[in-house]
Each structure stands twice: as structure tokens, then as C-alpha cells.
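Derivation of every value follows stated rules applied to the coordinates shown; laboratory data play no part. What you are looking at is a predicted structure, and each value in this text was computed from that prediction instead of being measured. Don't worry about glycine lacking a Cβ; one is built from the backbone with ideal geometry, like all the others, and counts go over all protein chains shown.
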Amino acid sequence: MDSQELLNKIKTGKYEYDGLSISENLELFNADIKTLDNLIFKNCYFKEVAIYEIKNAFLTIKFHNCTFDGEIKIIRCSIHDLQFSSLEKIKKININYGKFETISINSSNPIDGDIEINEAIINGHLDCSNLFLKKGQFTLNVRDKANGATFNTSFDNSTINMLNFSFCKFGEKVNFKNFKLISSSIFDSCEFKNIKFKEADFGNDCLFNNCLFEKNTSFQNSKNIIGTHLLIKNSLFLSFPHFNESEFNHLEILHTVFEKKVSFDSIKVNTINFNQVTFNQGAYFDDILIKKINNCNRKTIRLIKQELQKAENKIDFNRFRAYELAAHYEELNWKWNSGFIDKSILYLTKISTDFGNSWRRALGFTLISGFSIYLLFYIFENIDYQIDTLNLDNWARLFSGFFRFLLVTDFYNPLETDRVYLTNPFSWLIFIFGKIFIAFGIYEMIQSFRKFKA
């Protein structure tokens, strides 16, 4: 059947077609189908289809299990339902300047092509569940300048190569459960009420720019720790968003305000970055895991540390306190006038307790550094004598003196049984230097023990 013969049949009122093959371009206008309530094509092949300016508020146009070698144009149409179900093949679907109650698009297998919904008004529901667009881009711009109408949408169990949403005002139900992006996505100047990205995979790059999240927002169990860079910037969250148990390669939130509490519990990231982010009622970061913490900036680490402190999460707070000190240590240099003193202190803290993380390391630092300095002191005090190493009394004198040397408040000569002071000024220098190291090690060990104290 050619396109003219099909058009003639449609004009007579026949509304359902099965197994057609139309190798010519098919064009439909309002006068052709204004009397129909349904126009259904099943298992059909089309080269190109163009539907212009159909005005029928009760009409449903449905393409089921059809193949399209060329572009599908639906321009300035006002109908009830537009359906593309179990698509076999497309090149491009172009829906422009129309008004619809519902639009549904899904595929029976992976397909290549572009889908564009531009300057259209959707009053009800956009259903793109079970759509597999392995190449091309899905573009959605449904800006309604007249009344700001909202619509619900679903991309559950769909896989899209690229996604570009702009100026969309979504309704109460927006679902992206088990949604997967192959490449990248952009949500620009969109408004969401309730939105769920549960168990979603955001591909390589996902950007939310200048977006408003009015009610519940869920990124729970969104996982792609190898590839995903999730960027949220210039946005506002008015309710209770949560990112619990999600995994991202890089999570970045910039110039964004969270009006209510937000939860990042148990998320895993390789790197994370917060810049000019406001948590008006606090944020939860319990059990957060940052695998490449050395690649994170100190401001981000400090912000997380402060929120952990507000939440009285002592364990994770101490962990991020150590991360912050480590990041500050890397920022400093060894120049005398620009960081030498602070870097020296942090260096000792690093090698003694790993910034407060290990009391065992502090104990080892105290004993090793103390004994090394004490051994130098012992040699200098006995420089004029020949010591018999086979004499057990000399070994007893060495080690008993060391234990006295470990007593920070004991300033008598540890090598003498009587309470006498040193007489050699250089011995005093080594002695005091050793006491400082021992006192520092003991202090760091005590701090490590106290890190879980409320």
C-alpha cells in the first residue's frame, strides 16, 4: 500500500492497521483524521511520517512494534495520547509545539536515534519506561510559558545514551528507578516535586544546574563508582533529600542551598567536592567512605567534619579531623617564613600517631625516639670510659637509666643511683631534647586514647 492509498482509507474512518509497509513519506493533516478517536498502527514499516496541526482533544495515535527508517515529525498537534510502544527502529522522533495529555515511548530492543520533545505542553504523564536508546540523545524541553503546567514522568528501567532536560516543571510523581545513562545527562532550570533516582546509574557525567527540588528527593543506591561525575550547582533543595548508600566516582555540589536536613549516610566516592554549600538544618555523613581522600580539598573535608561534629558522630569526626590535618600538612611548605613551624609540628603528629589515629604508633614513637636520644646521651656521658659490653651490670645500668629517662618530670641524672644533676652542658641539651620528644609522644598517645571520649 502506498501513502496515498493509506491516506484515503484513513479519511473513510478506518483507524487500525496491521503489517503495512509504506515506502513513501506519509503526511497527515487535521482534515485527514479530525473525525477519529483512535489511529493505530501495528507491526508497520514507514520511511518517514509527518503529522501536522491535528486538533482533536479525544484522539489517540499509537504506533506499536513499528519500524521507521526516517524522521517522525509531530508538529503543532493538540491530541489526547501519543504512543510509541515496542519500537523496533527509529532515526528521529521530533515532537514540537504541541499539547498532549500523555506521551509514552518504549522499545522492544536497543535502538539508535534521537528523541526530541520541544516547546510542548504535557498535562498528564510522560512515560518512557523500558526505553533502550543506546545511541543518540533524548531532549526534553516542555516549557509552558502560559500557565506553568506540571506533568509526571517515568523512566523506570530505561537505558539512555544522552539526556538533556531543560525548563521542565515536573509534578508529584517522577521516577527514574533502575535508570541507566550510558554517556551523560543535563537537567537545566528544572523544577521537581517528588523525584526518585533509586538504584540509578548516571553514566559518565550528570549535571543538575539551577534546579529547584521542592519535596522529597532520593538518590538512594545510585551506583557507578567507576564512572559517574555527579554535579549539582546553583540549586535549591526545600525538603529532605538523601543520597544514602550511593556510589559515585566524583560527587560535586556547588553554590547550592539545602533548607532541611540532608543525608549522605554510607555513600562511597572516590573524590568529593563542596563549594559554597549551605546546610541550614545540618547534614548527615555517617559511615561516608572517600577512597581518594588525598585528592579532596581541605574546605570540603572541614565542612564534612563540622557536620559530623554537629551530629555528635565522634568516630567519623575524628577520622575527618585527621584528614583535615593531613590536607593542611600537604598545603604547607618547608620555607622558614611560610609554614616551617606548622609543618614541623604536623610532621611530628603524622609520624607519631598518623594525626591522632593510632595510639600504638604513638607508643612506638615514644619508645624509639626516646631510646635513640637516650642512647646518644648514654654514649656522651661515658665518652671517657671504656664500657665492658659483656658485663651485665652495664646493661642493667643502661636500661634502668632508660626507664628513668622516660619519666618526664625526673630531671636527675638517670645513670646515677643518687639524686644528682648533670654537670655537662651538652648532656643537658641532649637530655632536655629527649624529654621534649618523650612528652610529645606521651601527649599524642593520650590524645589517641581520648578520641572516642564524649
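Rounded to the nearest 20 debye, the dipole size of the chain about its Cα centre is 740 debye, using +1 on the Cβ of Lys and Arg and -1 on the Cβ of Asp and Glu.
Put a plus charge on the Cβ of each Lys and Arg, a minus charge on the Cβ of each Asp and Glu, and nothing anywhere else: the dipole of region 1-40 about its Cα centre is then about 180 debye.
Scaling the Cα radius of gyration of the chain by the globular reference 2.2 N^0.38 Å produces a ratio of 1.58. Which of rounded, prolate, oblate describes region 77-173, given a ≥ b ≥ c as roots of the alpha-carbon gyration tensor eigenvalues and a/c under 1.5 marking rounded, otherwise prolate only if a/b is larger than b/c? Because a/c hits 1.5 or more and a/b exceeds b/c, region 77-173 counts as prolate.
Backbone amide hydrogens, once placed in the peptide plane, bring TYR284 within less than 5 Å of VAL262, SER263, PHE264, excluding anything fewer than 5 places away on its chain. Each residue of region 395-410 was assigned a 3J(HN,Hα) from its phi angle through the Karplus curve 6.51 cos²θ - 1.76 cosθ + 1.60 (θ = phi - 60°); the sequence is 5, 5, 5, 5, 7, 5, x, 5, 5, 5, 5, 6, 6, 4, 8, 8 Hz, with glycine and proline shown as x. With a cut-off of 17 Å on the backbone N, the residues of region 47-66 near the modelled label site 7 Å out from ALA31 along Cα-Cβ are 51-56. With contributions of -39500 (n - 2.57) from each DSSP H run of at least four residues, the per-residue ellipticity at 222 nm computed over the chain stands at -8500 deg cm²/dmol.
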